[in-house]
Every structure is written in structure tokens, then in C-alpha cells.
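The values are calculated or read from the model by the stated rules, or taken from the named source; none is laboratory data. Bear in mind that the values here come from a model prediction, so they are computed numbers and not experimental data. Positions of Cβ are backbone-derived with ideal geometry, glycine not excepted, and every protein chain shown enters the neighbour counts. With ligands, DNA and RNA removed, areas are computed over all heavy atoms of the protein, side chains included. Shrake-Rupley method; radii C 1.70, N 1.55, O 1.52, S 1.80 Å.
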Amino acid sequence: EEYPHIPHSFTIEEALVELRNYSDRGYRHILVFDERFHLVAVLSVRDLLRAMEPEFFKTDAYPKKYEGYCPPEDASLAIMWQMSFLRDCKKKMQKPINEIMPFNKITTVNADDPVVKALFLMLKEDVNALAIIENNVVIGVIRLVNILDAILEKCE
């Protein structure tokens, strides 16, 4: 209940606002539930920001146009402002979360699984947080930083 969570009908903007409300407590993920309160996604700040990523970040469509104005690695900045990046972001922020959610299997762990299993799954799936499930209900979230803390504690 304390972990940030939203319905899948929220917009990207509503999800970002909700996540920002929890940022002072170190939360960087948000749980997404359907109308039956089934977990449908665990989204990171990166997932939400990537949903607003401009198309020109995804291609090499413009590299020659800005040669000479700034170092090549900074060329995207000039393009970003020219193409009204913030206006485009505001428009993309109105998309419902259920349009940008990954529709693949959600990786979770059971409450009685060993921590090393959670670590293995996080590294394998390249995620930083997993929902902890007990009797098909989310009872918590384990983050990579929690595993790091446990490893350091055991190794001291």
C-alpha cells in the first residue's frame, strides 16, 4: 500500500506526478494495476520518460544538418529545441499508460524465494525492481538496492 501504484487508465503525466510524489523516499518504480487490482506492469522512471522520447532520438535522420554547430554527441540538443521538444512531450504525456506498458510477462518473485533468485531475475531481465507475490497478491517490491544492502550486510 505504501509503494507508488496507479490504475492502468492513468496517463503518463499522472504516473509521473504520482511517482514524483514518492521520489523523496527513493522510489523510482510504480506498480500498475488493472480494474481487478491485478498487477499488469512495473514501470520505471526510465520507462515513462522513454515513452515520451522524440522520434528523432531513435533515428539518424538529422545528423548531417547540424554538423559544425556543436560536437556530434550534442547535436541532438539543437534538434530537440528546434522541434519544440517540450510541446511534443506534453502531447505524449496525455497517452494512457496502458498504451505504453510492456505487454510481456511481468517478472515477479514469491515471498519465500531466496534473494539470490531475485538478483538472478533482475540481472537476466535487466530490471531494477520486482514485485513480490504471495497467493497471487502483491505484498511488496524488492529493489536492486535492497539486494545490494543484503549482500553488503552478509559480507561484513
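Numbers below:
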item	result
Residues within the range 11-40 that are open to solvent by 30 Å² or more (accessible area, probe 1.4 Å), farther than 18 Å from residue 142 by Cβ and assigned to a helix (DSSP H, G or I), tallied	9
All helices (runs of 4 or more DSSP H) inside the range 84-156 with 3 or more residues being among the β-branched types (Val, Ile, Thr) and either surrounded by 12 or more Cβ atoms within 10 Å (Cβ to Cβ) or out of contact with any Ser or Thr (no Cβ under 9 Å at 6 or more places or on another chain) (or both)	144-155
Qualifying residue in the range 45-65 (condition: of a type in the set (Ser, Thr, Tyr) and either open to solvent by 100 Å² or more (accessible area, probe 1.4 Å) or at pLDDT 85 or above (or both))	no
